[in-house]
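As structure tokens, the structure follows; a few thoughts come after it.
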Amino acid sequence: QVQLTESGGGLVQAGGSLTLSCAASGSIFSINSMGWFRQTPEKQRGLVAIITSAGSANYADSVKGRFTISRDNAKNTVYLQMNSLKPEDTAVYYCRANINASYYWGQGTQVTVSS
């Protein structure tokens with residue numbers, strides 16, 4: 001059984017910063033890509049950032065220059081450093097990882113940015 005556990009969400013003022021973490025646990029043989037997605041009641045879940053096992057990262061245009069994705073392969077953990085947060089970044093953020101050739105999702109963590 002594989003599990004993704006997220007942490008780090010919360011309430012922050014516009015212009016502030018938050019760091020999300022997502023740790024994978026269980027019977028893990030290999031982890032390929034790890035990434036972050038977000039969803040609001042008005043929008044479907046969409047990609048925020050993704051990083052390969054080699055460390056190559058891609059970002060949604062809306063977060064480029066403000067968010068940074070990183071991972072610690074020894075800890076099976078992916079991070080999302082979010083700076084210069086805007087009210088439109090408010091969403092539930094989900095971690096997704098390709099583990100043992102299957103995709104797994106975290107439970108989601110709420111990020112709320114007040115203006």
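Taking residues in the stretch 54-74 that are touching a residue at least 60 places away in the same chain (Cβ under 8 Å) and hydrophobic (A, V, I, L, M, F, W, C), and partners anywhere that are surrounded by fewer than 14 Cβ atoms within 10 Å (Cβ to Cβ) and part of a helix (DSSP H, G or I), not one pair has Cβ atoms closer than 6 Å while being at least 6 places apart or on different chains. Among the conditions (1) among the small types (Gly, Ala, Ser); (2) out of contact with any helix residue (DSSP H, G or I) (no Cβ under 9 Å at 6 or more places or on another chain); (3) closer than 24 Å to residue 11 by Cβ, residue 30 misses just one, which is (3). When 12, 2 are checked against the criterion of being in contact (Cβ under 8 Å) with a residue 40 or more places away in the chain, of a type in the set (A, V, I, L, M) and over 18 Å from residue 106 (Cα atoms), a single residue qualifies: 12.
Read the figures in this text as sums done on the coordinates, not as results from a lab. Predicted model only: the values in this text are computed from it and were never measured. Backbone-built Cβ (ideal geometry, glycine too); neighbour counts: all protein chains shown.
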